[in-house]
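> What follows is a structure written as structure tokens; I'll ask about it next.
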Amino acid sequence: MLHLSENGNILNLTKKVWVSMEYVLAISIVTFLALAVALFLLVRKLTFNGSSLPLTAEWIDELSIERYRPMMRLLDGADLEFLRSQPGFTPRMATKLRIQRCQIFRGYLRCLNGDFQRVCAAIKILMLQSRQDRPDLAGLLVQQQMRFACEMGLVYFRLVLYRWGVCGVDVTSLVKNFDLMRLELRSLVPATLTMGA
């Protein structure tokens, strides 16, 4: 009888091990599939079809920083101070104004990010089509993309704090970074070049 009891325990133990292994295998498969999908989406996002860029001097000139001047004043505290000085002011009014301004500001940030990405993509296309290597330009491009991404993250963080009335948001360096890359692209494109439509 003792022998049968030991075999039964061994069978139960073996069954538990198999069940545990099945869970580990299932979790591994799900993790692998999630990573594969994330990698696919990342590659798809990074792959850029250059034919959609109207790479002309006029197109580059349209990417002026002037379109972002209102964004730079949007979160200025002067409007809130004026609102506070008015009769009938309530803190709820200030909160509502900050929420509305944050929504508008995020729209500007999306446009700025899109324009910056298009400028970088155009520079990459020009580098690929160039007859001479430009390691200096490639280095500048990578450096500015990293700086822009870090600054964008910081601006979004400060925007959350602004929403709660903790601090202000300054996008001057972000806009300057965009303008630097826009001017770099403009210097690469002759005034008579027309590529795309």
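> Among the residues of the stretch 54-61, is any at pLDDT 80 or above and in a helix (DSSP H, G or I)?
For the stretch 54-61, residues at pLDDT 80 or above and in a helix (DSSP H, G or I): absent.
> For Arg101, only one of the following conditions fails: (1) within 25 Å of Asp61 (Cβ to Cβ); (2) out of contact with any Gly (no Cβ under 9 Å at 6 or more places or on another chain); (3) of a type in the set (Lys, Arg); (4) surrounded by 14 or more Cβ atoms within 10 Å (Cβ to Cβ). What is its number?
Answer for Arg101: the failing condition is (1).
> Would you mention how many residues in the stretch 84-98 are loosely packed, with under 14 Cβ neighbours inside 10 Å and assigned to a helix (DSSP H, G or I)?
6
> Collect the residues in the stretch 58-78 that are free of Cβ contacts under 8 Å to residues at least 40 places away in the same chain and touching a helix residue (DSSP H, G or I) at 6+ places or on another chain (Cβ under 7 Å), keeping them in residue-number order.
Scanning the stretch 58-78 gives a single hit, Leu74.
> Return the pairs, sorted by first residue and then second, in which the second residue is part of a helix (DSSP H, G or I) and at pLDDT 65 or above, the first residue lies in the stretch 30-49 and is closer than 21 Å to Cys120 by Cα, the beta carbons are less than 6 Å apart, and the residues are 6+ apart or on different chains.
Going by the 6 Å Cβ cut-off, the qualifying pairs are Phe48/Ala121.
> Can you work out which of the residues in the stretch 143-165 that are in contact (Cβ under 8 Å) with a residue 40 or more places away in the chain and crowded, with 18+ Cβ neighbours inside 10 Å is farthest from Lys176 (Cα to Cα)?
For the stretch 143-165, the residue satisfying everything is Tyr162.
> Let me ask you something else. Among the residues of the stretch 108-142, write down those that are loosely packed, with under 12 Cβ neighbours inside 10 Å, in a helix (DSSP H, G or I) and not basic (Lys, Arg).
Gly114, Leu128, Gln129, Pro135, Asp136, Gly139, Val142
> Taking into account only those residues within the stretch 168-197 that are of a type in the set (Gly, Ala, Ser) and modelled with pLDDT of 75 or more, which is surrounded by the fewest Cβ atoms within 10 Å (Cβ to Cβ)?
So the residue we want is Ser187.
> Is there a residue being closer than 22 Å to Leu109 by Cβ, touching a Gly at 6+ places or on another chain (Cβ under 9 Å) and not aromatic (Phe, Trp, Tyr) anywhere in the stretch 140-157?
no
The values are calculated or read from the model by the stated rules, or taken from the named source; none is laboratory data. All values reported here derive from a predicted model rather than from experimental measurement. Neighbour counts are summed over all protein chains in view; Cβ atoms, including those assigned to glycine, are modelled from backbone coordinates with ideal geometry.
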